[in-house]
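Where a number appears in this text, it was derived from the coordinates with a stated rule and is not lab data. The structure displayed is predicted, hence computed values, not measured ones. Note: ideal-geometry Cβ built from the backbone for every residue, glycine included; neighbour counts use all protein chains shown.
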Amino acid sequence: MNSTIHLIGINHRTAAVEIREKFALTNFCSPETWAIPTSDGISESLILSTCNRVEVLVVGEGDAPRQRALECWAKARGRTVEELEPYLYQYKNDEAIRHLFNVASSLDSLVLGEPQILGQLKAAYRKATQSHCAGTIINRLLHKAFSVAKRVRSETGVASSAVSISYAAVELAKQIFDDMSRHNALIIGAGEMAELAAMHLRQAGVKRIRVANRTYARAEELAQRLGGEAVPFDQLFSHLVDTDIVISSTGAPDAIIHASDMRDVLKKRKNRPMFLIDIAMPRDIEPSVNTLDNIYLYDIDDLKEVVEEHIAERRKEAVRARAIVDEETAAFHQWLDSLTLQPTIVALVERGQRIMEEELAKTLHRLGPVDDATREALEIMADSLVRRFNHEPISFMKDRFHEAANPEYTMQAVDTVRRVFNLK
Amino acid sequence: MTWTELPSYLCLALYALATVASLAGVLGRSARVKKLACLLCAGGFVAHTLWLVISIAGGAFSAVSRGFYLLPLSWCLALAGLLVARRQKMDIALHFVAPWGFFLGSCALGFSGTPGSLPLAGPLFILHLAAIFVGVGVMAVAAGAGALFLWQENAIKHKTPLEGFRKDLPALGALDRVNAMATLVGFPCYSLGILCGFLWARISWGSFMSGDFKEWISLFILALYALLFHQRQALGWRGRKPAILALIIFAASLFSMFVVNTVLSTQHGF
């Protein structure tokens, strides 16, 4: 089999959002609207269309499928190939496989290590299957891509640390409190980032969320969105006594929470630890609060630093992840090469089967009427003879395939077997 | 090697393997290797239990040796670690148990030939030893949790990024809870052990105290234990202070066990 894998696409690095919009295939990848049909040299196809990338994977003989896929893609969006080409990247065989593995492992994503892309790729594969456009190679390639992504996630830290400020705050909270469902949160102010952090807290399973704001109506509004309750701003300190996580983002010109206040609060709550996140500018919480035992205070700069360190860490881990991708690409390449043996093995087995049936018929004819046991014994013997005769040439080809660094040697072995056994 | 010795060697081998696997699992952040370490540690504990049972059946209590003294102590420590790992879902406790189990078990085996020097027997004496071993065993686990707490807390307080395997360590709240549980269980046990010891001394030696240094260090440990118990229960101490105190109590227990018993002249030097 001389199938070639082509991957063509545009992404957040090669094309601005206006261009990606023009060539998005989001509405052209259902079974009814599939943009890249398996015809005219394309034997298999897959479309991945997300907000950050549009990619088309096609399999077929030679370079013709790539051109055909380009034409179909441009046509589906009512554009020309010339309009699309300046933004395009094109990969073939190993490069295409490596790129797909990188995409699945989120090494090619805008936010390195983000988890959504794997789900999007799975959805794209599902649609290709429903559209009957995924064949032997795409099936195997996509399953491999999913397992590579899983391996990258489990063996490297490429996706392990938070890279958004609000999520980093929640991750830090989990390092302080083991079971979030036993802890209460209080949001002071109704800023957008505080709301985002509160959403993450809610997702992390925090027990109860309360919102305090100088304008009570706004507190009620936010509390409703978060599934929490609004509390009067002037009762802030009494609510702090049974609050474990505080997110503060008011527009107050000076600090509203001082170390002396927190000392009293701590005494009343019997030193139970508190995590204070101050994302207001100017800051709402006096920095000296962090010197108190069992209180952990992080301001916006501290969180930014955490996020930057996490991003740097992910980049470092990406190097290890790419080594895994390279290793898996080589393994997939080997499987792909092994497909070259398949037609010869099939021809050899079919030839053996044919000879066995002919010779068995002749022998049975010569013997005349025989009982079932004799017939069965003859059939088994003939079958095992053919299997044993086939074993040597098949092993010969497989051994050359596994030993040979140069595919030429494999092809020579295949050619030898075909000539010796007169296989067409 | 006789078949009765088999559990002791098996126990040490499993604890040693568990220690190596723990280190590899924790540093390499491999969940599979960590799981293997936990299984090896649990296997080590089963062998440890057999070893203890065979020792008791062999009459070790009638001729207390230093080795036998360390055997139930290491068993109590391992049991405390296993209970914490199971109840608190904190596998890290097992990674702490394995090296200590190996160390104390090796000492127990190494000292096993030392003959007993005291006519020790009776339920009061058994209660004295058992209660003290539980008290020290749980405090050993609390000290391990305390050391981790101080290390992690320092990083969080000073905004040092938690990198590598530090991300996998239990949350501060969970580590503090180990300290709370250990104090709650350990203090009454240790107090009971000391009380039984004094009563036994009164019956056997004619006086509650004989001025032995071991008695003073035990009272000092009891006082620290009482302080920890009181401050936690009455004043709501949490976090750093109890963690530091647990480390001090465990260090004092080790001093009492290995320095006082072996270096100084004491009636407890069996």
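A few comments on the model shown:
- Between B:Ile203 and A:Glu327, the modelled labels are 6.5 nm apart [label points 7 Å from Cα along Cα→Cβ].
- Sorted fewest first by neighbouring Cβ atoms within 10 angstrom, A:Cys72, B:Cys41 come out as A:Cys72, B:Cys41.
- Using every pair of separate Cα atoms, the Kirkwood estimate puts the hydrodynamic radius of the range A:110-187 at 15.5 angstrom.
- Here the relative contact order of the range A:276-367, from alpha carbon pairs under 8 Å that lie six or more residues apart, stands at 18 percent.
- Ascending count of other beta-carbon atoms within 10 Å, so fewest first, for B:Trp216, A:Trp73, B:Trp100: B:Trp216, B:Trp100, A:Trp73
- Cβ-placed point charges (K, R +1; D, E -1), dipole of the protein assembly as shown about Cα centre in debye, nearest 20: 1480 debye
- Burial ordering of B:Leu36, A:Leu222, fewest other beta-carbon atoms within 10 Å first: B:Leu36, A:Leu222
- For the range B:96-206, taking the reciprocal of the average inverse distance between every pair of different Cα atoms yields a Kirkwood hydrodynamic radius of 16.7 Å.
- Normalised by 2.2 N^0.38 Å, where N is the number of residues, the alpha-carbon radius of gyration of the protein assembly as shown equals 1.35.
- A:Lys304 paired with A:Tyr89, simple spin-label distance in nm, labels 7 Å along Cα-to-beta-carbon: 3.0 nm
- Cα-derived Rg to Rh of the range A:229-358, Kirkwood definition: 1.57
- Couplings 3J(HN,Hα) for the range A:200-205, derived from phi with the Karplus relation 6.51 cos²θ - 1.76 cosθ + 1.60 (θ = phi - 60°), are 4, 5, 4, 5, 6, x Hz, where x marks Gly and Pro.
- FRET efficiency for the pair A:Thr215 and B:Ala226, taken as 1/(1 + (r/R0)^6) with r the Cβ-Cβ distance and R0 = 56 Å, rounds to 0.60.
- Each label point was placed 7 Å from the Cα along the Cα-to-Cβ direction; for A:Thr129 and A:Val241 their separation is 5.8 nm.
- Peptide packing for A:362-368, B:125-131 was compared via the average number of neighbouring C-beta atoms within 10 Å per residue; ordered from the highest value, the list is B:125-131, A:362-368.
- Square roots of 5 times each gyration tensor eigenvalue, C-alpha, the range A:301-379, largest first, Å: 66, 15, 6
- Other-chain or far-sequence residues with amide H under 5 Å of A:Ile188's (modelled H): A:Ala212, A:Ile247, A:Ser248, A:Ser249
- You can think of it this way: the chain between A:Glu71 and A:Ile394 has 112.1 nm of extra reach, that is 0.36 nm per residue less the Cα-Cα gap.
- The shape of the range B:125-270 can be summarised by an equivalent ellipsoid whose semi-axes, obtained from the alpha carbon gyration tensor, come to 33, 15, 12 Å from longest to shortest.
- Secondary structure note: in chain A, about 45% of the DSSP beta bridges are antiparallel.
- Helical runs (DSSP H, four residues minimum) scored at -39500 (n - 2.57) apiece and divided by the length of chain A put the mean residue ellipticity at 222 nm at -18000 deg cm²/dmol.
- Taking all Cα pairs closer than 8 Å and separated by 6 or more residues, the relative contact order of the range A:245-321 comes to 33 percent.
- At R0 = 25 Å, FRET efficiency that the Cβ-Cβ distance of B:Phe258 and B:Leu219 yields, to 0.05: 0.85
- Taking 0.36 nm per residue of sequence separation and removing the Cα-Cα distance, the A:Glu357/A:Leu385 pair yields an extension gain of 8.9 nm.
- Treating r as the C-beta distance of A:Arg140 and A:Ala347 and R0 as 25 Å, the FRET efficiency rounds to 0.65.
- Debye intensity ratio in log₁₀ form over the Cα atoms of chain B, taken at each q of 0.07, 0.08, 0.11 Å⁻¹: -0.26, -0.33, -0.63
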